[in-house]
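**Student:** The structure's right below; bear with me while I get my questions together.
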Amino acid sequence: MAVRTAVLGAGSWGTTFAKVLVDAGNDVTLWARREDLAARINDTHRNEDYLPGVELPEGVVATHDAEAAVHDADLVAFAIPSQSLRENLAVWAPYLPGEASLVSLMKGVELGTTRRMSEVIAEVSGAPTERIVVVSGPNLAREIALRQPTATVVACTDEARAVAVQQACSTAYFRPYSNTDVVGCELGGAVKNVIALACGIGQGLGFGDNSLASIITRGLAETARLGERLGADPLTFAGLAGLGDLVATCNSPLSRNRTFGERLGRGESVEQAQEATHGQVAEGVKSCRSLLELARHHEVDTPITAAVEAVCFGAMSPIQMVELLMARSMKSES
């Protein structure tokens with residue numbers, strides 16, 4: 001049965017998820033921040049700014065009017081930079097339908113509050129947690145937009161709602177699994193951006209596969225430590241929202257975070273690397289600071305996150321980061 005859906009955010013992932021929803025048989029309205037972008041999407045059935053060369057189904061209807069986009073929607077998905085969610089949601093909240101599933105496509109932790117995105121949605125919208133859903137996993141937008149097979153996780157504390165959203169976005173190429181561990185799925189999605197920055201820094205310094213595998217594995221351990229302290233299910237981090245997302249983001253040249261880190265490793269400044277990404281946000285650059293604050297508040301050791309934060313904010317160079325991590329005291333892996 002078709003579901004009336006809205007996606008707020010016409011970047012690469014928001015546009016791709018709108019495409020998935022149409023391919024799954026739903027009615028979709030895509031909100032774009034810029035009116036001219038919405039017009040071009042409707043006229044050309046493309047979003048050349050974020051997904052060049054990708055054809056969009058005619059069922060993806062774009063608008064610059066957020067109130068119109070969410071009117072009577074059964075599912076509203078948010079796909080904007082994580083640090084701008086609170087500000088935008090304060091404007092959108094009065095328009096959100098009272099029973100709609102509110103779906104977070106964002107992967108980050110809010111600066112200043114250390115809130116996860118589902119927590120920001122609950123706080124600003126007033127919606128109960130059982131209406132808030134998280135989509136996480138190996139979600140490299142361009143590959144999914146090209147209908148390459150992938151799997152993902154749809155998490156909600158209300159299992160029935162997770163299953164309903166799972167069914168609403170299931171296609172021949174996009175296979176969602178349901179989960180009730182919202183904390184674990186969100187943390188996996190947020191921390192992997194920081195670990196991908198570290199992997200990119202290693203690549204930029206010229207290191208090979210042993211270094212990359214070591215960063216990924218120890219990054220996963222770091223994520224699981226923090227997740228367990230916050231009440232997540234440790235098994236979540238062995239799944240798509242943990243290891244799956246981590247491997248994809250740390251290895252793919254399509255990953256903005258890995259590419260950003262690689263530029264830092266080559267000696268570029270944060271400003272130079274940001275300019276080279278054409279304004280698209282590498283979420284890990286901002287999230288590393290809020291994640292580090294979250295970890296310290298809960299007295300969890302996150303050495304890779306701390307090292308990446310130091311590089312991104314000028315406290316050490318990439319090579320100093322490596323030297324610091326390699327000089328840590330010996331310990332048991334378990």
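The values are calculated or read from the model by the stated rules, or taken from the named source; none is laboratory data. Computed from a predicted structure; not experimentally measured. Heads up, the Cβs are rebuilt from the backbone with ideal geometry, glycines too, and the neighbour counts pull from every protein chain shown.
**Student:** Within region 314-333, is there a residue that is in contact with a Ser or Thr (Cβ under 8 Å, 6 or more places away or on another chain) and either outside any helix (DSSP H, G or I) or surrounded by fewer than 13 Cβ atoms within 10 Å (Cβ to Cβ) (or both)?
**Tutor:** First, the residues of region 314-333 that are in contact with a Ser or Thr (Cβ under 8 Å, 6 or more places away or on another chain): none.
No - not one qualifying residue is present in region 314-333.
**Student:** Consider ALA160 carefully, then state whether it is assigned by TED's automatic domain parsing to the domain that holds VAL22, in a helix (DSSP H, G or I), farther than 28 Å from GLU67 by Cβ and out of contact with any Pro (no Cβ under 9 Å at 6 or more places or on another chain). Explain how you work it out, then say what you get.
**Tutor:** On the way: assigned by TED's automatic domain parsing to the domain that holds VAL22: yes; in a helix (DSSP H, G or I): yes; farther than 28 Å from GLU67 by Cβ: yes; out of contact with any Pro (no Cβ under 9 Å at 6 or more places or on another chain): yes.
Here the answer is yes, as ALA160 does meet what is asked.
**Student:** Of the residues GLU275, GLU299, GLU268, which single one is in the same structural domain as LEU205 (by TED's automatic domain parsing), more than 19 Å from the chain's Cα centre (by Cα), acidic (Asp, Glu) and not in a loop (DSSP other than H, G, I, E, B)?
**Tutor:** Working: GLU299 fails: not in a loop (DSSP other than H, G, I, E, B); GLU268 fails: not in a loop (DSSP other than H, G, I, E, B).
Of the residues listed, the single one that is in the same structural domain as LEU205 (by TED's automatic domain parsing), more than 19 Å from the chain's Cα centre (by Cα), acidic (Asp, Glu) and not in a loop (DSSP other than H, G, I, E, B) is GLU275.
**Student:** Based on what the data block shows, is GLU119 in contact with a Phe, Trp or Tyr (Cβ under 6 Å, 6 or more places away or on another chain) and of a type outside the set (A, V, I, L, M)? Don't jump to the end; show me each part of the working.
**Tutor:** Working: in contact with a Phe, Trp or Tyr (Cβ under 6 Å, 6 or more places away or on another chain): no; of a type outside the set (A, V, I, L, M): yes.
So GLU119 fails the test.
**Student:** Residue by residue through region 236-248, note down the ones that are in contact (Cβ under 8 Å) with a residue 24 or more places away in the chain and closer than 17 Å to VAL134 by Cα.
**Tutor:** Within region 236-248, the first condition is being in contact (Cβ under 8 Å) with a residue 24 or more places away in the chain, and the residues that meet it are 236-237, 239-242, 244-248.
The answer is THR236, PHE237, GLY239, LEU240, ALA241, GLY242, GLY244, ASP245, LEU246.
**Student:** Buried (at least 24 other Cβ atoms within 10 Å of the Cβ), at pLDDT below 95 and not charged (D, E, K, R): is that true of SER104 in this structure?
**Tutor:** Numbers: buried (at least 24 other Cβ atoms within 10 Å of the Cβ): yes; at pLDDT below 95: no; not charged (D, E, K, R): yes.
No; evaluated as a whole, the condition is false for this residue.
**Student:** Look at ARG86 and say whether it is without any contact (Cβ under 8 Å) to a residue 60 or more places away in the chain and more than 24 Å from ARG142 (Cβ to Cβ). Before you say what the answer is, go through the steps one by one.
**Tutor:** Values: without any contact (Cβ under 8 Å) to a residue 60 or more places away in the chain: yes; more than 24 Å from ARG142 (Cβ to Cβ): yes.
Against the criterion (without any contact (Cβ under 8 Å) to a residue 60 or more places away in the chain and more than 24 Å from ARG142 (Cβ to Cβ)), ARG86 qualifies.
**Student:** Another question, if that's okay. Sort out which residues of region 1-16 are hydrophobic (A, V, I, L, M, F, W, C), over 16 Å from ALA38 (Cβ atoms) and surrounded by 24 or more Cβ atoms within 10 Å (Cβ to Cβ), and write them in order of number. Give the derivation first.
**Tutor:** The initial filter retains those residues of region 1-16 that are hydrophobic (A, V, I, L, M, F, W, C), namely 1-3, 6-8, 10, 13.
If we keep only those that are over 16 Å from ALA38 (Cβ atoms) too, we end up with 1-3, 13.
Once the filter is applied, which keeps residues that are hydrophobic (A, V, I, L, M, F, W, C), over 16 Å from ALA38 (Cβ atoms) and surrounded by 24 or more Cβ atoms within 10 Å (Cβ to Cβ), region 1-16 yields only TRP13.
**Student:** For region 38-55, how many residues are crowded, with 20+ Cβ neighbours inside 10 Å and out of contact with any helix residue (DSSP H, G or I) (no Cβ under 6 Å at 6 or more places or on another chain)?
**Tutor:** The number of residues fulfilling the criteria is 2.
**Student:** Then there's this: Quick check on this structure: which one of VAL134, VAL109, VAL76 is closer than 25 Å to ALA38 by Cα and either of a type in the set (Lys, Arg) or buried (at least 23 other Cβ atoms within 10 Å of the Cβ) (or both)? Walk me through how you get there before you give the answer.
**Tutor:** Details: VAL134 fails: closer than 25 Å to ALA38 by Cα; VAL109 fails: closer than 25 Å to ALA38 by Cα.
Just one listed residue meets the conditions, VAL76.
**Student:** Okay, moving on. If I filter region 71-83 for residues that are more than 21 Å from LEU21 (Cα to Cα) and of a type outside the set (Lys, Arg), do I get at least one hit? Give the steps one after another, and end with the answer.
**Tutor:** First, pick out the residues of region 71-83 that are more than 21 Å from LEU21 (Cα to Cα): 82-83.
Applying the additional criterion that residues be of a type outside the set (Lys, Arg) yields 82-83.
The answer is yes; a qualifying residue exists.
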